[in-house]
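Reviewing the structure listed below.
Read the figures in this text as sums done on the coordinates, not as results from a lab. Fair warning: this is a prediction, and the values are worked out from it, not measured in the lab. Cβ coordinates were reconstructed from backbone atoms using ideal geometry, including for glycine residues, and neighbour counts include every protein chain displayed.
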């Protein structure tokens, strides 16, 4: 049965996801709307590119926190809202809230429905659902970025690591979690189409974790 509490928690998850961290931070501290520069996305990657590592790091961590918070709302508020003690159903509800938060990031009501690609918010959701699988994703992301210096390629690689780690390392028995993990891969591929085109053409921008080597 759908209650006013369930409707409220769903709306809250969307509002958390809709917080346009990159837009608000850029406008408040730099007088810049990051959507008007670089790739045009209101996300951590474009913030790194346009405003630098400090601003990009802040956006990334806050966007991760958005996804984690929205997914954990049943724990943070009142788990009885879910109306079941079954672990699978509880995880399904968390997944639904996380997806809603990601949609909020993609289409934020606070920023004219022009958001980012949702990778950081997705990652926050993954941390909330399966921390060890999230650690595998982080490892792959950092290694890939250190070698290739492409954030987009690293994000795609980390995204595919999630279902693979669930299936072959952690051997999950929750079908909805596997379906969600596969959906993440599809979503990342869709939102990174332009990046993939630039990668194939050798025109994708690089980002260095440390100081860029001198020629």
- [ ] Compare 39, 87, 165 in a GNM of the chain, Cα atoms joined below 10 Å, and give the one with the largest fluctuation.
- [x] 87
Open item on the list: Give me the extension gain from residue 24 to residue 194: residue separation times 0.36 nm, minus the current Cα-Cα distance, reported in nm with one decimal.
Closed with: 58.7 nm
- [ ] Give the order of 49, 35, 114 when sorted by the count of other beta carbons within 10 angstrom, beginning with the fewest.
- [x] 114, 49, 35
Open item on the list: Give me 24, 68 sorted ascending by neighbouring Cβ count inside 10 Å, so fewest comes first.
Closed with: 24, 68
Open item on the list: With angles folded into 0 to 90 degrees, how steeply does helix 131-148 sit against the dominant principal axis of the chain? Use alpha carbons for both and round to 10.
Closed with: 10 degrees
Open item on the list: Taking the 0 to 90 degree range and rounding to the nearest ten, how far is the long axis of helix 119-129 tilted relative to the main principal axis of the chain, both from C-alpha atoms?
Closed with: 40 degrees
Open item on the list: Between residue 167 and residue 54, how high is the FRET efficiency from 1/(1 + (r/R0)^6) when r is the Cβ-Cβ distance and R₀ = 30 Å? Nearest 0.05.
Closed with: 0.20
Task: On Cα atoms only, tilt of 175-191 relative to the major axis of the chain in degrees - done: 30 degrees
